[in-house]
Structures are given as structure tokens and as C-alpha cells.
Amino acid sequence: MNAHVETNGIMSSLYQGRPAFVRYWAYIGLMLGAVGLALWGGDGYTENGYIFQLVGQDGFMWLGTGALLATGVSIAYSTMRPEATEGWIPKMMVSWFDGAALMVILMAVLTLFEPTSANVSYEDQSNLFAGHVIMTMNVLFIFSAVSYIAYLFAPDSFIGKLATWTAWAGVYAGGSALLLRWYESYLFMGGEIGHAPVSNIYEVFILLFCIVCIIYLQWERNYEAKAMGAFVMVLVASGVFFAIWLESVGQAEIKPLVPALQSYWMKIHVPMNFVGYGAFAVACGAGMAYLTRMWLEARNSKMVKVFPSLEQLDQLAYKSVAVGFPAFTLATILGAAWAAEAWGGYWSWDPKETWALIVWLVYGAYLHVRISHGWHGKTLAWWTVIGFLVTVFCFLGVNMYLAGLHSYGRLS
């Protein structure tokens, strides 16, 4: 996620010129080191063993070597060609990498509060610390939603900044909680059931909240669309209440993966899928804000001045779909590859696959009529709202009510 930084002063200098350029390539070196470890280091990539290698001596050597080499090369290159430090990609990406690194650091600190191994029980997971962090995230997101609504009535007050800050705090709490659950999954049964925290409906809800907020907060920062947060964060808060209910009925426990999920595809397909879902949620928020502004304009309400223009809201809905549709398309392709490996066929008209295709067609049609036929305005605003309802059924309705090859995603 994009770390929120000041636009001037010392902090700003860290995101310009050589400091940003060198730090960007250091992160690239870290990732290349992780790839090298998976391909050639230690025992190679295994579902459980790789994580232990990554945080062990082999990981330190591979990641450290990658980061040091990339740092040295970037310093030498930027000395010979100073103009290279002005590229837009390092400036854009380094704050995202910083945000991800901060989440990892937070997770590492939070592990200090975990119970000792003698007090860890698979049968009773209530004392694991991730649950407390997730509850903190829930409170922050609900408070942020209330603050954004209050902002509509008091736009000149401090409440707008508070809404944004608490939304960002919720993102970091949620992201570090997911990483902490990943760590916690290795505390049981000698690490045999360790897996990425995207295996059940409770975990992916947390992922979804974070993705929705990250996309929205980028739009708020870049386009000054704070009023849209009252609609986007209400969607997030609604999801938070549903996740709390999931926890109350025993859906928050860490469990072993079913055979179909014991694959590296899970770590790629599921997050990419939820980038699509999250972007579609933000598009829905923009559509609801558009329709609300139209309603206020018809009644000559003074609150209209708080909202972005209709044209800007229309553009933000389109930009959100333009982010989500490629991600969802790639996730669908990756899912087909995973299905071929797990079940022997790329497509089987399973209910989940069928509804994913319907979602893809809904948003593909949205982009088609907008780009090819120039549609704008109220019709497309309703399209984003109805399209998200279809998306919610694909995500929740199919998992909860329809049986199929994806039945492992149903409530148990």
C-alpha cells in the first residue's frame, strides 16, 4: 500500500531523487533474492518449508545479497546517470514498498505478544494475538465510516482528516493482522498446517477491506474526493459487521488446507481476485456518491458543495473499474490454470466459475459501452451499483448457498 507521506520537508525528500531510486532497487533486490531462494537455495520451494527458509539463515543470505547488490548497482548507476533518478516508476512504487515493509515490521513486533508455545492450542485459538489486532481494525474502520459521514455535514472541521487517518490505520492493522495469522498458522502441529491467510471467507474479508481502502484512499489523495469516502467506508463497515458475525459463529479459526487449496496458485489467484472485487466496491461507492449528488442537486441542497463534481465521480467510477477489470480477468485466467492442475480441466461450469463469468461480462460490458459508445452519467452510476450486487453474490452468495467444486469456501 502507498505509505501516506507529507508533501514537503524531510519526509518528502525521501520520496524524490536518489533516496527513492536506491530504495526502490533495494526492494527489487530483496524480491529477487526471495525468488532465488525459491529456485536454487536450500531445499527450494515447498508449501511449508519455504517460509522457514525465508526467515532463517538461508533467507538472510539470499535476501541480504540481493538487496546489497541492487543497492550498489543503483548507487553506481545513479552516479553515472543522475537523470535516471527522476523516473516516475521508482517515485510511484517506493512508497508502496515502504508501506508493505512497515506491515512486515508491525507483524514482527506483534509476534512478541503471542502466547508461548506451551499455551498454544489448535482446539482453542482464542488467545492468539491476531484476533485483538483484527478487532482494532474493525473499530478503526467503523470509526472512519462514521467520521466520513460526519464530514459531509462539517467539511471544514478536523473530522475529515481524522476519517482519513483512521482509514489508513485500519489498513495497516488489517494487513499486519493477516501476516500475523500467517505466522500463527505455523504454531500448530509443528508447522504442518501453515499457509497464507487467504484460505477462508473470514480471512479474505480482511484482505478485501484493506484493498478497498487502499484504492479509495489513493483516489482521495490524488483527486480530493473525500466525500466519496462516506459511501465507500460504509460498504467497508457493513462488511466489518458481517466479519464479526462470521467470527461469532466459529469461522475465524485457522484450519488445515483442503487438498484443492494446497497449491502455490492460491497465493496468486485469490489476492488478484480480491483486487478486482475491491476496485468494484470503490466503483460502487463512486456510483452511489454520483446518484446522491444528483438527488441533492434536484433539491438545491447546500451539501452539494461538499461532493466532487458529477463528471469527477463518473471518472472515478470508471478508473476503479479500469483497475478492477484487468485484475479480475487475470485472476480468472489464473483460476483456470489452477483448476486444470487440481481437477484436470480449465473450465467446468461450476457455480463459482459461472458467476465469475457473469461478473466479468457485467464489467466488460460497462467498459464497452463507455469506451465504444460514449455512455456516461446516471445509467453507468446505477450500473456500478447493480454490478457490485452481482459481485457480492459471486463472492458470498455462491459460497454460502450453492454447492460445487468450490464448496470448500462455504460456511462450515
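The values are calculated or read from the model by the stated rules, or taken from the named source; none is laboratory data. Note that the structure is a prediction, hence the values are computed from the model and not measured. Backbone-built Cβ (ideal geometry, glycine too); neighbour counts: all protein chains shown.
Could you look through the range 147-206, keep only residues that are over 14 Å from the mean Cα position of the chain (by Cα) and charged (D, E, K, R), and pick out the one that is nearest to Leu112 (Cα to Cα)?
The selected residue is Glu184.
Can you tell which of Trp347, Trp343 is over 26 Å from the mean Cα position of the chain (by Cα), more than 22 Å from Ile211 (Cα to Cα) and free of Cβ contacts under 8 Å to residues at least 40 places away in the same chain?
Answer to the selection: Trp347.
Of all residues in the range 20-70 being of a type in the set (Phe, Trp, Tyr) and surrounded by fewer than 18 Cβ atoms within 10 Å (Cβ to Cβ), which is nearest to Tyr186 (Cα to Cα)?
Step by step, filter the range 20-70, then rank; the result is Phe52.
So which of Trp245, Trp265, Trp219 ends up being of a type outside the set (Lys, Arg) and without any contact (Cβ under 8 Å) to a residue 40 or more places away in the chain?
After ruling out the rest, the residue left standing is Trp245.
Which is within 17 Å of His269 (Cα to Cα), touching a residue at least 24 places away in the same chain (Cβ under 8 Å) and touching a helix residue (DSSP H, G or I) at 6+ places or on another chain (Cβ under 6 Å), of Leu313, Leu334?
None of the others qualify; the one that does is Leu334.
Conditions tested, residue by residue: (1) of a type in the set (Phe, Trp, Tyr); (2) buried (at least 18 other Cβ atoms within 10 Å of the Cβ); (3) more than 16 Å from Gly170 (Cα to Cα).
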site	(1), (2), (3)
Arg81	no, no, yes
Val94	no, yes, yes
Asp98	no, yes, yes
Met107	no, yes, no
Thr111	no, no, yes
Pro115	no, no, yes
Val120	no, no, yes
Glu123	no, no, yes
His132	no, no, no
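Count, please, the residues in the range 174-200 that happen to be surrounded by 20 or more Cβ atoms within 10 Å (Cβ to Cβ) and part of a helix (DSSP H, G or I).
Count: 10.
I need the full set of residues from the range 319-333 which are modelled with pLDDT of 95 or more and surrounded by fewer than 19 Cβ atoms within 10 Å (Cβ to Cβ), in order please.
If the condition is that a residue be modelled with pLDDT of 95 or more and surrounded by fewer than 19 Cβ atoms within 10 Å (Cβ to Cβ), then Ala322, Pro326, Thr329, Leu330 are the ones that fit.
Can you say whether Val109 is under 24 Å from Gly190 (Cα atoms), hydrophobic (A, V, I, L, M, F, W, C) and in contact with a Leu (Cβ under 8 Å, 6 or more places away or on another chain), as far as the supplied structure shows?
Taking the combined requirement at face value, the residue does not satisfy it.
Going through Lys352, Lys378, Lys305, Lys319 one at a time, which residue ends up being among the basic types (Lys, Arg) and either farther than 30 Å from Tyr151 by Cα or in contact with a Ser or Thr (Cβ under 6 Å, 6 or more places away or on another chain) (or both)?
Criteria check complete, one pass: Lys352.
Mind checking whether some residue in the range 266-278 is at pLDDT 95 or above and closer than 17 Å to Ala167 by Cβ?
Scanning the range 266-278, I find at least one residue that is at pLDDT 95 or above and closer than 17 Å to Ala167 by Cβ, so the answer is yes.
Which residues, taken from the range 47-95, are hydroxyl-bearing (Ser, Thr, Tyr) and either under 28 Å from the mean Cα position of the chain (by Cα) or closer than 21 Å to Ser13 by Cβ (or both)?
Scanning the range 47-95 gives Tyr50, Thr71, Ser74, Tyr77, Ser78, Thr79, Thr85, Ser95.
Can you give me the number of residues within the range 1-45 that are in a loop (DSSP other than H, G, I, E, B), polar (S, T, N, Q) and modelled with pLDDT of 75 or more?
Residues that pass the stated criteria total 1.
Specify the residue that is modelled with the lowest pLDDT; the eligible residues are those in the range 387-412 that are among the aliphatic types (A, V, I, L, M) and either part of a loop (DSSP other than H, G, I, E, B) or within 18 Å of Met228 (Cα to Cα) (or both).
Leu405
Consider only pairs whose beta carbons are under 7 Å apart and that are at least six residues apart or on different chains; among these, list those whose first residue lies in the range 57-83 and is free of Cβ contacts under 8 Å to residues at least 24 places away in the same chain and within 15 Å of Gly36 (Cβ to Cβ) and whose second residue is surrounded by 13 or more Cβ atoms within 10 Å (Cβ to Cβ) and among the hydrophobic types (A, V, I, L, M, F, W, C).
What qualifies is Asp58/Leu37.
For Leu69, all conditions in the list (1) modelled with pLDDT under 95; (2) farther than 22 Å from Gly174 by Cβ; (3) among the aliphatic types (A, V, I, L, M) hold save one; what is the number of the exception?
Looking at each condition in turn, Leu69 falls short on (1).
I'd like the full set of residues that are within 21 Å of Tyr401 (Cα to Cα) and touching a residue at least 40 places away in the same chain (Cβ under 8 Å), limited to the range 192-205.
Scanning the range 192-205 gives Val198, Ser199, Asn200, Ile201, Tyr202, Val204, Phe205.
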